[in-house]
Amino acid sequence: MATIANGVWPTMITPYTEDNKVDYDAVLRIIEWYDRQGVDGIFAVCQSSEMFFLSREERLELARFVVENTPKHIGVIASGHVADNVQDQAEEAKAIIDTGIASYVFISNQFAGEDQGDDVFRRNVEYLIDQIPGDSFGIYECPYPYKRLVSPDNLKWCADTGRFTFLKDTCCDLKQLQEKVDAVKGTNLKIFNANSATILESLKMGCAGFSGVMANFHSDLYVWLCRNFDKDQEKAQLVQDFLGLASVIERQCYPVNAKYHMNLEGVKMNIFSRSKDMAEFTSAGRLEVEELHRLYLYLRSTLLG
């Protein structure tokens, strides 16, 4: 069975050209930046990638490009799970899997409507994994179009199928996280926390790593924390304190602000987004990103050398 490496899996953003096409030169620069940051994998064609605003052809082309241009020591997983009915969902999954990704990631809210119960959730999961070839699937608790958390019972049920290896958890609650970790203990399913404020404690309780939007800002600090949280506790707490506080910036105009941050890192791209109104990224917002970037550089050089 395929396995997912522990560590940091950024949720990849999508840059665009001036005429609103995917900018593959910039996509390549992002991949190279992730590599320099030391990440363990890339989660492509996800909400950060604006997958709900990409055409089916764009999602496939983007997944294929990332797979073909990512160094072999970095894993690539992808979603694209946006269709309304399970038959179409199965077809879009097969197409994405054919690009060569390591694992296909389902969106938890696409398994059942907001007013539907776990019976519908499980029935649709069964249908999809029966229709789709592959031995490594993931689930992402995506907040759009609505947030459906996977209960510990449902997560164990998924793990017991033997075909799920990845959960991008967005519960932002350590008690729930512990219940999920306990539920899948001894299985091949690994839990990756998306919440920066709880990342250190979640690693201590047995989560496999971090997969969240803030890896588009401070990937290397998350990498360090995932690899050293149990070796230097004082330094780990300082890194955690910075990452937790810094993550409030994701409530700003994301992913525009992440694209702006990457430009400060020397990863050149337009900051235009299909999912956000650029007017929301004010001059004060830009200053906040710049100030956070300077603090990040100081912390990185002071603590990590």
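How large is the helix-only mean residue ellipticity at 222 nm for the chain, computed as the sum of -39500 (n - 2.57) over DSSP H runs with n ≥ 4, divided by its residue count, in deg cm²/dmol to the nearest 500?
Result for the chain, helices only: -13500 deg cm²/dmol.
Can you tell me how much longer the chain between Glu68 and Gln176 gets when fully stretched, taken as 0.36 nm per residue apart minus their C-alpha distance, in nm with one decimal?
Residue separation times 0.36 nm, minus the Cα-Cα distance, leaves 35.2 nm.
Could you grab the relative contact order for segment 7-229? Cα pairs under 8 Å, six or more apart, rounded to a whole percent.
Relative contact order, segment 7-229: 21 percent.
Loop-only GluC sites (Glu not before Pro) in segment 6-107, please: DSSP not H, G, I, E or B, and at most 16 other Cβ atoms within 10 Å.
Within segment 6-107, the qualifying GluC sites (Glu not before Pro) (loop, at most 16 other Cβ atoms within 10 Å) are Glu18.
Would you kindly calculate the translational diffusion coefficient of segment 110-217, applying Stokes-Einstein with the Kirkwood radius from alpha carbon pairs, for 20 °C and a viscosity of 1.002 mPa s, and quote it in µm² s⁻¹ without decimals?
It diffuses with D of about 150 µm²/s by this estimate.
Among Val289, Val120, Val27, determine the one that fluctuates most according to a GNM of the chain built with springs between C-alpha atoms less than 10 Å apart.
Checking each option, the largest mean-square fluctuation is seen for Val120.
I'd like the per residue volume of the convex hull spanned by the Cα atoms of the chain, given in cubic angstrom.
124
Which FRET efficiency value, to the nearest 0.05, do you get for Leu295 and Ser275 by plugging their Cβ-Cβ distance into 1/(1 + (r/R0)^6) with R0 = 30 Å?
Computed FRET efficiency for Leu295 and Ser275 comes out at 0.65.
How about segment 108-213: which chymotrypsin sites (Phe, Trp or Tyr not before Pro) there lie in a loop by DSSP and see at most 16 other Cβ atoms within 10 Å?
Answer by residue number: Tyr146.
For segment 278-295, what does the Karplus curve 6.51 cos²θ - 1.76 cosθ + 1.60, with θ = phi - 60°, yield as ³J(HN,Hα) per residue in whole Hz, taken in order and with x for Gly and Pro?
4, 5, 6, 8, 6, 4, 5, x, 5, 4, 4, 5, 5, 5, 5, 5, 4, 5
Since every read-out is calculated from the coordinates, none of them should be taken as a lab result. If you're wondering where the values come from, they're calculated on a predicted model, not measured in any experiment. In this analysis, Cβ positions are derived from the backbone assuming ideal geometry, glycine residues included, and neighbour counts consider all displayed protein chains.
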